[in-house]
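One structure below.
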Amino acid sequence: MNQPSVPHRVVIVGAGFGGLEVAHRLAGAPVRIIIVDQHNHHLFQPLLYQAATASLAVSEIAWPVRHLLQRHRNVSTVLAMVTGVDTANRKVLYADGGELDYDSLVVATGARHAYFGHDEWEPYAPGLKTLADAVTIRSRMLFALEMAERETDPERRAAWLNFVIVGGGPTGVELAGTIVELAHENLRKDFHALDTRSARVILIEAGPRILPGFSAELARYAHTALERLGVEIELGRPVSACSAAGVVFGERRLATKVILWAAGVQASPAADWLQAPADQAGRVTVEPDLTVPGHPEIFVIGDAAIIHAWHGQPVPGIASAAKQQGRHVAASIRKRLRGELAPRPFRYQHTGSLATIGKRAAIIDFGWIKLRGRFAWWMWGLVHIYFLIGVRNRLAVALSWLWIYTTGDRSARLITHTDKDQSE
Ligand SMILES: Cc1cc2nc3c(=O)[nH]c(=O)nc-3n(C[C@H](O)[C@H](O)[C@H](O)COP(=O)(O)OP(=O)(O)OC[C@H]3O[C@@H](n4cnc5c(N)ncnc54)[C@H](O)[C@@H]3O)c2cc1C
């Protein structure tokens, strides 16, 4: 890259963990940065399940991108949905017909949940990825309890009180633990004609155990801890149908009005935009330096990419991996601007895996040490507060957790919309 008269334009698509890291790390460099996102906010997804289960307000886990980048004069923010990339003419294409020129492009558009070829299940089994998803899930759960209180027919009432979570990864486990506490403990006093302890929380996992990304010992601990809280765990039975009537898994049919989807991952359609090679989940197969084959000016990072840079293993789809890749790309662009062209391969450093089980226990696998129980829960809380952006947000979340921990009162219990797919 020669010294141009107009600054080098770096376009970043996606203001998630990866994209935002690139913007922060390049701020102050002799480049013009334009960060484009379909939403005006950056979302702290690790705490999304808490917004979905009425523990935190949505404003406590998401912040305007403009505000987060306001200090950096060389960064501008665009609110737009990207639908394509013209790689020949180096333009990013917007859904509304607009376009944006780039010299370097970083695609960090993340992933969504996947329904294994059954997208028709989505209206009945919403997944958790965006703020809108969290609000939908929260509304459905609270609405189900309202309907259960009014229902006089025992069978129909039972269907309103069956909360099914599909997928035994960290998100499924965290949802199950929090929902069972919400129903069995926190909401008991609010309902006078309904014993909310009769609600069943059923966690369905197709594999032989929950939490396959954790050691067998920690997964066993989590399994027992969830059961102690009252969660029913069904292993080894894949879900074969979801509808307004309920869920079918293995040979079993369960009537339910609340199915939450926490299984499967499908990357954003970046591979289609770039005509790039991809794996089955649609993640772009990137070069060792995170560029797209044949396009050294285009990087794909985070959940949208697949790379075997963890001692030969695929890099996991977690926030710290996206941030590390963001740092790597910013360093590569700075190097290129200085005229150093040799690409540097990306190496992933695993910092740890964490998951909570309700508000009293967690499991943590740092590799060199494994923690579980109450101490791990406090540790989990400290780690998440540390990674939140801004002092005000850290204080607000710490205060909300302290309140829930001591009083059991989850205050974000608002039903803001109702769904026809649930009430059918
Ligand atoms: C419920 C849940 C819980 C999680 N818990 C943890 C956890 O505890 N710890 C952990 O490390 N990781 C966790 N993760 C995973 C972690 O959040 C992701 O790995 C991380 O967000 C990936 O970062 P990213 O930058 O690749 O994508 P994202 O952070 O998902 O950001 C993608 C951005 O791209 C934008 N975008 C997408 N498509 C377009 C488009 N067409 N046009 C414009 N903008 C677009 C999106 O709006 C979004 O802002 C969790 C994920 C979820 C869903």
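The values are calculated or read from the model by the stated rules, or taken from the named source; none is laboratory data. Every value quoted in this text rests on a predicted model; they were computed, and no experiment measured them. Heads up, the Cβs are rebuilt from the backbone with ideal geometry, glycines too, and the neighbour counts pull from every protein chain shown. Just the protein is used for accessible areas: all its heavy atoms, side chains included, with ligands, DNA and RNA removed. Shrake-Rupley method; radii C 1.70, N 1.55, O 1.52, S 1.80 Å.
The set of residues in the range 218-277 that are among the charged types (D, E, K, R) and over 21 Å from D419 (Cβ atoms) comprises R220, E227, R228, E232, E234, R237, E251, R252, R253, D272.
Please verify whether the range 304-315 includes one or more residues that are closer than 30 Å to N162 by Cα, part of a loop (DSSP other than H, G, I, E, B) and touching a helix residue (DSSP H, G or I) at 6+ places or on another chain (Cβ under 7 Å). Full working, then the answer.
Here is the first cut: in the range 304-315, the residues closer than 30 Å to N162 by Cα are none.
No; the residues of the range 304-315 include none that is closer than 30 Å to N162 by Cα, part of a loop (DSSP other than H, G, I, E, B) and touching a helix residue (DSSP H, G or I) at 6+ places or on another chain (Cβ under 7 Å).
Among G167, G177, G172, G110, which is the only one that is in contact with a His (Cβ under 9 Å, 6 or more places away or on another chain), small (G, A, S) and buried (at least 20 other Cβ atoms within 10 Å of the Cβ)? G167 is the lone residue from the list that is in contact with a His (Cβ under 9 Å, 6 or more places away or on another chain), small (G, A, S) and buried (at least 20 other Cβ atoms within 10 Å of the Cβ). Taken over the range 21-68, residues that are more than 10 Å from the ligand (Cβ to nearest atom), over 28 Å from T178 (Cβ atoms) and out of contact with any helix residue (DSSP H, G or I) (no Cβ under 6 Å at 6 or more places or on another chain) amount to 10.
Listed by position, the strands (runs of 3 or more DSSP E) enclosed by the range 219-272 that each have at least 2 residues that are more than 23 Å from the chain's Cα centre (by Cα) are 231-235, 239-243, 246-249, 252-255. Exactly one residue out of D153, D103, D133, D86 is touching a Gly at 6+ places or on another chain (Cβ under 8 Å) and not basic (K, R), and it is D133.
May I ask you to verify whether G326 is at positive phi and modelled with pLDDT of 95 or more? So G326 does not fit the description; no. So is A125 within 11 Å of the ligand (Cβ to nearest atom) and buried (at least 22 other Cβ atoms within 10 Å of the Cβ) or not? No, not satisfied. One residue is enough: does the range 126-139 have a residue meeting the conditions out of contact with any helix residue (DSSP H, G or I) (no Cβ under 8 Å at 6 or more places or on another chain), among the aliphatic types (A, V, I, L, M) and without any contact (Cβ under 8 Å) to a residue 24 or more places away in the chain? Checked against the condition, which is being out of contact with any helix residue (DSSP H, G or I) (no Cβ under 8 Å at 6 or more places or on another chain), among the aliphatic types (A, V, I, L, M) and without any contact (Cβ under 8 Å) to a residue 24 or more places away in the chain, the range 126-139 yields at least one hit. For the range 249-260, the criterion of being within 19 Å of G14 (Cα to Cα) and within 16 Å of the ligand (Cβ to nearest atom) is met by none of the residues. For G352, are the conditions met, namely being under 18 Å from the mean Cα position of the chain (by Cα) and modelled with pLDDT under 95? Yes, satisfied.
In a residue-by-residue description of the range 347-354, the property of being among the polar types (S, T, N, Q), closer than 26 Å to A52 by Cβ and open to solvent by 60 Å² or more (accessible area, probe 1.4 Å) applies to at least one position.
Counting only residues that are open to solvent by less than 70 Å² (accessible area, probe 1.4 Å) and part of a helix (DSSP H, G or I), the range 186-202 holds 3 of them.
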